[in-house]
Amino acid sequence: MKEYITKIGSGDLAVDDTLLTKGVETTAGSKILSGFVPLFSAEAVERAVKAGYTVSGKTNVGEFGLDLVGEFSNYNDGDEVLRGAAAELIAKGEVKGALEVDLNGAPRRAATLSGTDFIKPTYGTVSRYGIIPCACSGEQVGAAAANAAETKKLLAAVAGHDGKDGTSLPAEAYDYSCGKEPAGMKAGIITQLFELASEETKAVIKGYAEKLKALGVSVEEVSVEEIAAAQSAWQILMAAETCNNVSRYDGVKFGYRTPNYKNIDELYIGSRTEGMNLLTKTTVLYGSDVLSKGRYFTCYDKALKVRRVVAERFGELFKTYDLLLAPACGKTEYKKYDITRAFETVYGESVFTAVPNLIGIPAMVTKGVQLMAGHFEEKTLFKIAESAEGTDK
Amino acid sequence: MKYEIVIGLETHVELNTRSKIFCACGGHSSHGEPNDCVCPACCGMPGMLPVTNKRVVELAVMAGLMLNCEINRYTTFDKKSYYYPDLPCAYQVTQWFHPICTNGLVEVQTKNGTAKIGIKQIHMEEDAGKLVHDDWSDTTLVDFNRTSVPLIEIVSRPDFRSAEEVLAYLEKLKAMFRFANISECEEGAMRCDVNISIRPEGSTELGVRTEIKNMSSLSSIERAIKYETARHMDAIERQTEVLVQETRRWDDIKGKTFSMRNKETAADYRYFPDPNIMPIVIDDEWLEKIKADMPASPEEKAAEYRALGVSDKEIELLISKRNLCDLFDELLMKGCNVQDIVSWILTECAGVLRKKGQVLDELSIPAEKLARIIAMTASNEVTRGAGRKILVAVLDDDVDPDKFCEENNLAAQGDESLINDVVKKVIEENPGAVNDYLGGKTKAFQALFGGCMKQLRGNGDPAIIRAQLENELAKLS
Ligand SMILES: [Zn+2]
């Protein structure tokens, strides 16, 4: 069994394996990248180090970060219950924080399962330079820690403009400490997601709503019919972009190369067949299909339109609500399952996490609940999370 | 039945930028060693992100303006997916949905008159690498120096009716782009895909179209068009074969086109907007700035020089290269005489370069130094021969003209009594020439003049020599 963390040294920060670390093997959890040692580190990692964090090691992710919480990485071998590697390290107190790439909600699910905090910030606020790319239009580096204050500190250290990322927003830094007091705020629980969750999860959400009420926040249910369309749209965009991005891995220039080949075609086919798992392959086929000539306008282009519609809808919602509540996953525990069902399983669960990736809004998991707010409203999420934590004491 | 050829061109032009289109590597594809101009971004390592080179956008806009295109103020980059070993990311970043320029028009002259060629669009894209086959070891090697070098692709409408029009169009693009420093347009930096079909004259429908890919020499393009036309005619008139829509490759040695395996034409490129590159918005301010930076077109320059009295032949040489026009204009501003400028650039500078095995295109001289040399000779401070010596020194070692003149004693000899002595001596030593001159052969004067100049080691003031020589000869007649 491979350790779920590749130790670099003693330190307080875990970095997930989709983020490049100079001189340290980085594989995005995929065999196809085994032996790949980057020449430079991801910008977020550089910034965290500059802010005083020390990288403790690389945490395993599911291949390319596509799966639920990292279950098809070696970490979970022989382990019945699925957990995310970085979240578990935080829960056990082995590291203070972690940088993780959120492209389909895996770190949010992992935080829910381990009872830790994770925030996926507004798209464009943290540099994507050095992410092993999959879904470029929605993936972001997020911060994980044991509580809201530590999460906030780590995110503040890594956010800000980076000239090496063409989609990086211009602000040099973000002040996450200026969130308004919760009293008088309005929160909405997204009905469609709440209804999909298990009874235990519903109880967690209800409990959190009570805490918010105690803080003077009014809470009500709100129906968002666009949820299902948002899920499909993100699935399409993510698969298409992933297909495009992973097609460069061919066993020639770097990473894994099959030992069994007699000609160049066998080298390509063998390396890819042996180097990627079934979930990646299914995603690639799906992504290739939605981009194909006959399907582009009915699938990919339509997904782009849905993205705009959903963004408008949430823009409207955030005029009424300061934040929205939803589970980040439907259950409080996942059991190991068959990889042949991975695509449907991951797709099914992505309904809870798709919107923030699709439209770039921030989403934070704290105390088993997912909070969403409008663009650049991380400060509101942190203020709410910190205040709710305070009610525990 | 009479037939006509219908040709459309897709022309790739390598842009003249300091760096590649999305990374900081040097922009020019002609490098020394393979893979000495690559970085993790342009060789496809994961984690790097593209940052658009603004200069590429500006050069594409300039090209669009020169070809009378509409400039689209909102333009985006898209990914074109295909797998080939010279394409490190397995996709090429190009423009599919919102190209930067559309609907242009260019007029070309041939001996049959003027042809109007429509431009469908111009788009920006990155080049791919090169595969080099090593016969000795029977391996194929990849050189990524050319990957991500910026290109524009100019897509014409099917408006060409002869190979002559195609050549005239390509020559015109080359002249324009070289003149405006948009592209060096040297061998390999301008490549064409030629779409060709044949139809009965007057028909509005297109015949079966074949595409000949990736040609860079004008003579190959001409031969390929002629070969392909004949092949189509044979197929239509004599049923030698059944034409199919396909991509063909020109073999320059065999002088024939060959069908490429249909792999590539059948490909689905799965275009989609590149999420890593923000849409580019060209506002009025930026567009005006680009327009202001644009040089006059070669035609405008030619008209300007013609009005100054420069001959057509001289104009043709001057407008072949932007730096010659810039030099001409600067010398004019510094008050040099037009005929002096023309003869110093086209005769003297060209002559010095020729001796060094260079061509006029490579001329690089500070305008103020050449202006000084022209002024020194025009005012007879130095003779033309001495001026030429100074020019050589300036071109070789970038010396200061005045200092060089002084150090080498090149100032024209203006001492009247010294010159008078020389003139008398030359007349005495050359009775034959003197008699010829007195007998009416005016050419003999030149020989005597040359003799005086030689005695004065080329530095005599020509006006004084001339006057004294005329004076002394008049005494003898
Ligand atoms: Zn580069």
### Query
When you look at residue A:63, is it away from chain B (no Cβ under 14 Å) and at pLDDT below 95, yes or no?
no
### Yes/no for residue B:90 being of a type in the set (A, V, I, L, M, F, W, C), touching a Lys or Arg at 6+ places or on another chain (Cβ under 7 Å), open to solvent by less than 10 Å² (accessible area, probe 1.4 Å) and closer than 23 Å to residue A:267 by Cα
yes
### Meets criteria (within 12 Å of another protein chain (Cβ to nearest Cβ), buried (at least 21 other Cβ atoms within 10 Å of the Cβ), away from the ligand (no atom under 16 Å from the Cβ) and of a type outside the set (Lys, Arg)) for residue B:77
yes
#### Entry: 2 or more residues of a type in the set (Val, Ile, Thr) and crowded, with 22+ Cβ neighbours inside 10 Å: qualifying helices (runs of 4 or more DSSP H) within region A:76-191
A:148-158
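Residues are listed down the side, and each one gets a yes or a no for (1) more than 14 Å from chain A (Cβ to nearest Cβ); (2) over 25 Å from the mean Cα position of the chain (by Cα); (3) on the phi < 0 side of the Ramachandran plot:
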{"position": "B:72", "(1), (2), (3)": "yes, yes, yes"}
{"position": "B:124", "(1), (2), (3)": "yes, no, yes"}
{"position": "B:137", "(1), (2), (3)": "yes, yes, yes"}
{"position": "B:147", "(1), (2), (3)": "no, no, yes"}
{"position": "B:152", "(1), (2), (3)": "yes, no, yes"}
### Task
Could you tell me whether any residue of region B:305-312 is open to solvent by 80 Å² or more (accessible area, probe 1.4 Å) and in contact with a strand residue (DSSP E or B) (Cβ under 8 Å, 6 or more places away or on another chain)?
no
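When the residues of region A:308-323 are filtered to those that are acidic (Asp, Glu) and exposed (fewer than 13 other Cβ atoms within 10 Å of the Cβ), which remaining residue is nearest to the chain's Cα centre (by Cα)?
A:312
With region B:377-462 as the region, which helices (runs of 4 or more DSSP H) entirely inside it contain at least 1 residues that are of a type in the set (Phe, Trp, Tyr)?
Numbers: elements: B:384-397, B:401-407, B:416-429, B:431-438, B:444-455.
Counting at least 1 such residues, we get B:401-407, B:431-438, B:444-455.
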### Complete set of residues in region A:22-48 that are out of contact with any Leu (no Cβ under 8 Å at 6 or more places or on another chain) and under 21 Å from residue A:151 (Cβ atoms)
A:43, A:46, A:47
## Note on the structure
Filtering region A:255-307 for residues that are within 11 Å of chain B (Cβ to nearest Cβ), touching a Lys or Arg at 6+ places or on another chain (Cβ under 7 Å) and open to solvent by 30 Å² or more (accessible area, probe 1.4 Å) leaves a count of 2
### Residues satisfying the stated conditions in region B:394-417, i.e. under 32 Å from the mean Cα position of the chain (by Cα) and surrounded by 19 or more Cβ atoms within 10 Å (Cβ to Cβ)
B:394, B:395, B:401
### Query
Going by the conditions given, is residue B:71 within 30 Å of residue A:27 (Cβ to Cβ) and either within 14 Å of the ligand (Cβ to nearest atom) or hydrophobic (A, V, I, L, M, F, W, C) (or both)?
no
### Query
Can you name the number of the only condition in (1) open to solvent by 20 Å² or more (accessible area, probe 1.4 Å); (2) without any contact (Cβ under 8 Å) to a residue 60 or more places away in the chain that residue B:318 fails?
(1)
### Query
Given the structure, is residue B:221 touching a residue at least 60 places away in the same chain (Cβ under 8 Å), in the same structural domain as residue B:10 (by TED's automatic domain parsing) and of a type outside the set (D, E, K, R)?
no
### Task
Residue by residue through region B:51-61, note down the ones that are surrounded by fewer than 22 Cβ atoms within 10 Å (Cβ to Cβ) and more than 12 Å from chain A (Cβ to nearest Cβ).
B:55, B:57, B:58
### Residues of region B:31-50 satisfying the condition of being in contact (Cβ under 8 Å) with a residue 24 or more places away in the chain, open to solvent by less than 30 Å² (accessible area, probe 1.4 Å) and away from the ligand (no atom under 11 Å from the Cβ)
B:49
## Note on the structure
Exception for residue B:96 within (1) open to solvent by 50 Å² or more (accessible area, probe 1.4 Å); (2) within 14 Å of chain A (Cβ to nearest Cβ); (3) touching a Leu at 6+ places or on another chain (Cβ under 6 Å) falls at (3)
### Task
Select from region A:225-254 the residues that are more than 14 Å from chain B (Cβ to nearest Cβ) and open to solvent by less than 40 Å² (accessible area, probe 1.4 Å) and write down the one among them that is nearest to residue A:39 (Cα to Cα).
A:235
## Note on the structure
Restricting attention to region B:204-254, the residues that are open to solvent by 40 Å² or more (accessible area, probe 1.4 Å) and out of contact with any Gly (no Cβ under 7 Å at 6 or more places or on another chain) number exactly 26
### Query
What tally of residues in region B:1-18 results from selecting those that are crowded, with 19+ Cβ neighbours inside 10 Å and either within 15 Å of the ligand (Cβ to nearest atom) or not in a strand (DSSP E or B) (or both)?
3
### Query
Which ones in region B:418-438 are among the small types (Gly, Ala, Ser) and either crowded, with 16+ Cβ neighbours inside 10 Å or under 20 Å from residue B:381 (Cβ atoms) (or both)?
B:433
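The values are calculated or read from the model by the stated rules, or taken from the named source; none is laboratory data. Please read these numbers as outputs of a predicted model, since none were measured by experiment. Here the Cβ is made from the backbone with ideal geometry for all residues, glycine too, and neighbour counts use every protein chain on show. Just the protein is used for accessible areas: all its heavy atoms, side chains included, with ligands, DNA and RNA removed. Shrake-Rupley method; radii C 1.70, N 1.55, O 1.52, S 1.80 Å.
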